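Novice: First, the structure itself, so that you have it in front of you.
The values are calculated or read from the model by the stated rules, or taken from the named source; none is laboratory data. Here the structure is a predicted model, which means the values were calculated and not measured. For neighbour counting, all protein chains shown are included, and Cβ atoms are generated from backbone atoms with ideal geometry for every residue, glycine included. The area values use the complete protein model at the heavy-atom level, side chains included, leaving out ligands, DNA and RNA. Shrake-Rupley method; radii C 1.70, N 1.55, O 1.52, S 1.80 Å.
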Amino acid sequence: PGTTTTGPNTHPRRAHTFVTPATMFATIKNKIDQKMPELSAKMKELGDKIVPPGQAGPPKEERPDLLPLRALQQVPPMHSDGLPEKRLLVVLQPPEELPEAPAPAGTYSPVVVVGNMVYVSGIGPLAPEATSHVAKIGSTEDKEKGIIGTADGKAAARACALTMMAVLRAQLGSLNHIKRLVNAKGFVNSTLDYTEQPEVMNGFSEMMIEVFGERGKGSRSAVGVGSLPRGWAV
């Protein structure tokens, strides 16, 4: 007792100290905290050598040829009357209202989010009902033959905007999450001689601007087509 035996086949007994992870991290943190004041002082000293206090140069002027690009990169101001959800309460007056968000009509997702971009699948004019805007838009209105004019076409495009907002609201929880509209593509079910597709799409754009302000005005395409799903006008 009290002795340690060593020999060819024996080893000295060693004492082992076990340290828990919490103790190890606490020790490291204490050492970092002790070094931080010294490190901060050295960083400040180095910064003062590079740019002495009060001697910072004037802001770098933007290249003139880039100014138009910078203007386009600015996010327009939100609507002066409030956030989109608040605006929606003002804009929608009975009998106009958001339709129920439709279920996908095929094998696709109604909304896909990639990074901070939201991509919305094609939607139809479901307000006030899915059959409210089943028609073709033409230069000469003939409702008995199912041909409507530009004014009714704009109403169908406005209904598409309502459907889109219903989908976004259902998927994202609130229209207040939308920062701005980037791009919209409008397909107008029109006769061969009809050429006012952009005027029809104004119904969509005007509705988006009513709710989102200038942030609702994005880039846009308006294309005339021979037919659309469900026979919709837009």
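Novice: For the condition touching a strand residue (DSSP E or B) at 6+ places or on another chain (Cβ under 8 Å) and open to solvent by 50 Å² or more (accessible area, probe 1.4 Å), what is the one hit in 90, 118?
Specialist: Only one candidate qualifies: 118.
Novice: Check residue 184 against each of (1) within 18 Å of residue 132 (Cα to Cα); (2) not in a loop (DSSP other than H, G, I, E, B) and name the one condition it does not meet.
Specialist: Of (1) within 18 Å of residue 132 (Cα to Cα); (2) not in a loop (DSSP other than H, G, I, E, B), only one is false for residue 184: (1).
Novice: Are any residues in the range 187-208 part of a helix (DSSP H, G or I) and either of a type in the set (S, T, N, Q) or surrounded by 19 or more Cβ atoms within 10 Å (Cβ to Cβ) (or both), and if so, which ones?
Specialist: 197, 200, 201, 202, 203, 204, 205, 207, 208
Novice: To continue, here is another question. Which of the residues spanning the range 81-97 are more than 20 Å from the chain's Cα centre (by Cα) and part of a loop (DSSP other than H, G, I, E, B)? Working first, answer last.
Specialist: Residues of the range 81-97 that are more than 20 Å from the chain's Cα centre (by Cα), as a first pass: 81, 89-97.
81, 92, 93, 94, 95, 96, 97 - these are the residues of the range 81-97 that are more than 20 Å from the chain's Cα centre (by Cα) and part of a loop (DSSP other than H, G, I, E, B).
Novice: I'm trying to understand the selection: among the residues of the range 209-234, which are open to solvent by less than 60 Å² (accessible area, probe 1.4 Å), in contact with a strand residue (DSSP E or B) (Cβ under 9 Å, 6 or more places away or on another chain) and either in a strand (DSSP E or B) or under 22 Å from residue 118 (Cα atoms) (or both)?
Specialist: Across the range 209-234, the qualifying residues are 218, 221, 222, 224, 225, 232, 234.
Novice: May I ask you to list the residues in the range 121-147 that are closer than 22 Å to residue 192 by Cβ and surrounded by fewer than 21 Cβ atoms within 10 Å (Cβ to Cβ)?
Specialist: Correct list: 134, 139, 140, 141, 142, 143, 144, 145, 146, 147.
Novice: For residue 156, are the conditions met, namely being open to solvent by less than 50 Å² (accessible area, probe 1.4 Å), at pLDDT 95 or above, more than 21 Å from residue 75 (Cβ to Cβ) and not polar (S, T, N, Q)?
Specialist: yes
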